[in-house]
Each structure stands twice: as C-alpha cells, then as structure tokens.
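Below is one structure, written out as structure tokens, with a few remarks after it.
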Amino acid sequence: MTGKVALITGANTGIGLETAQELARLGARVIVAGRSADKVKAAAAKVQASASSGGGAEELIVDLSDRASVERAAAKVAETHSKLDLLVNNAGIMFTVGRDRTEGPDGFEEQFQTNVIGHVLLTEKLLPLLEKAGGSPRVINVASKAHRSASPKMFEDLQSKDWKLPMTAYGNSKLGNMLHARALNARLVKKGSRVRAYSLHPGVVKTELSRNSPFYVIALGSAVLFLLKSPWEGAQTSLHLCLAPDSELTPGAYYADCKEASYGGPAGLWTDERAETFLAAAEAMARTGIPQDRI
C-alpha cells in the first residue's frame, strides 16, 4: 500500500479506525474523516502511530448531514492530493434519539441524509481524484445486512415519513448504500473507467453505531455482547475489498465475511435499472439539497 492514498469516513472509531490503522500499517497515507475535530485528531494520532515507513495519517473534518461541509471537505482533499486510491464510505448513524423521526439541516430524514446522501455527494466530488489513481482505485460502501429490513415501498417514501420502526429507515439507508455502489460501478464500467465500486456487511459489531438506539436494543446488545464481532473482526471485509486483487472480486457486488453475498431485501429493488434510478435521484438530491419523497 506504499504510495496509496485512502480516505475513510467515520474513521475516528470502530471498524473505520481499525481499517485506517491497518492500511497505514501497510504503508498507505490515510485521510481520517469525521465530524468531531477532537475525535478525528485523537484517531489520526492512533493511525499515525500504527503507520509503517511511507504510511501516515491526516485529519479531515466532514459532517455528512451538511451539504456545505461535504463540499468543503472534498475541495480540501482535491487541493492537497493529486489522486485518491481508496474511498471507504464507512460512517453511519443507526436509529435516532428518542426513536422519533428526525430531519437533518436540509430536511432529509436524518439517517438517509447521513448514511446515503452525504456519501453520494462526497463520492461524486472525489471521483475525479479516483480516476487519476493508478492500479485499481475503489469506492467501498459499508452497508449492512439490515438492508433486509428496508421497506418494499422504499422508493415511494424515501424520507420515511410513514414512520413506524426506526430500523426500517435504517434498512432503507443501508439498501441505499448498496444500490449506490451497484449503479456507480455499472456507470464506471460503461465508460471504461478503472474505478470499481463495492458494498459490504461488516457483521454485527461492538461499536458506537447504536449509541442512539432505543433502550431495549442497547439492553439486548449487552445481553449478547459475547456474540458480537470486535471492531477488528468487523473491519475484515472492508480490508478485503481494499486489498484483494481484482481477479478475486466481483465489481458492483455486495460482500459479507470476505465473500460475495446474496441480496435479501425487498423483491424487485436489486436490479441495475432500479439501482440507476435510485442513484440518479440521490445525486439530484445531494447536489440541490432538496429532498424527494418518491422516485
């Protein structure tokens, strides 16, 4: 990985931090991206301490729920780097405080904006840098098996206004991560780009992701803590997609436990056509900051 540049969102904790530390240990220059300046600074110090000769860390502040923040962060990366080899869209939030539906600053359902729209915009802005990288540059979206809980009517209620269960909205956002990777990869192949895109399920991991979860979810997690993966174990599929040779990967596919996995969400949504419809709408929302309820 010497000479490679990787940007990881949500790299201040959990599987994002583990991924960042391992890539730096292998010689990559890792851009540690997150919302909190203090947490990013502390994480970057850990990544730097893990780095081998040639590797290292730098800090990037980005709030994925804020369009202007994403644009500023992407511009900063473009000013300081001539290429980007890996973009790992790892950051995410799960459930929202009080279990009620909440909106981000632009009026999007909060999980959808942070997990999907922010990453779609960041990816679009950084794609020119990925195109300039040699070898096999990659976009890697950390999704979740929770995509199976997405609503069959997701395309008719993108902002989860028919709010029943927070997990459905979270599942919608994770399916969105998968559709983003699938459609983006198809576009890249069509235009002859070397950039490829993937999505993955990291497993059920002991991280801060569920810190805003309802009390009964936290209690359940505590009861089965010994069954959960450690952040290091949860980072393995992300690392596999970062490091495996092209010959061992299926572009655009969804992975779990370092292997290609099957889609298990609502019928009819996992197609190239539906993925492209979703990504086109998500890009329009990301660029304008105007939410759409249906596509």
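The values are calculated or read from the model by the stated rules, or taken from the named source; none is laboratory data. Since we're looking at a predicted model, the values are computed, not measured. Using ideal geometry, Cβ is built from the backbone for each residue, glycine included, and neighbour counts are taken over all protein chains shown.
Residue pairs whose Cβ atoms lie under 7 Å apart, sitting 6 or more positions apart in sequence or on different chains, and linking a residue in the stretch 231-252 that is under 28 Å from K190 (Cβ atoms) to a partner that is modelled with pLDDT of 95 or more and surrounded by fewer than 16 Cβ atoms within 10 Å (Cβ to Cβ), are T237/D257; T237/C258; H240/C258; D246/S136; T250/E260; P251/V189. Screening the stretch 170-216 for residues that are assigned to a strand (DSSP E or B) and not polar (S, T, N, Q) and picking the one that is modelled with the lowest pLDDT gives V205. Can you tell me which residue is farthest from the chain's Cα centre (by Cα) among those in the stretch 234-293 that are of a type in the set (S, T, N, Q) and surrounded by fewer than 17 Cβ atoms within 10 Å (Cβ to Cβ)? Among them, the one singled out is S247.
Scanning the stretch 96-143 for residues that are closer than 13 Å to L64 by Cβ, modelled with pLDDT under 95 and in contact with a strand residue (DSSP E or B) (Cβ under 9 Å, 6 or more places away or on another chain) yields one hit, E110. In this entry, L158 passes the filter for residues that are crowded, with 19+ Cβ neighbours inside 10 Å, closer than 16 Å to A280 by Cβ, touching a residue at least 40 places away in the same chain (Cβ under 8 Å) and not acidic (D, E).
In the stretch 225-257, the residue that is nearest to R25 (Cα to Cα) out of those that are at pLDDT below 90 and among the hydrophobic types (A, V, I, L, M, F, W, C) is L228.
For the stretch 104-150, a residue qualifies if it is in a helix (DSSP H, G or I) and of a type in the set (A, V, I, L, M, F, W, C), and the qualifying residues are F112, V116, I117, V120, L121, L122, L126, L127, L129, L130, A146.
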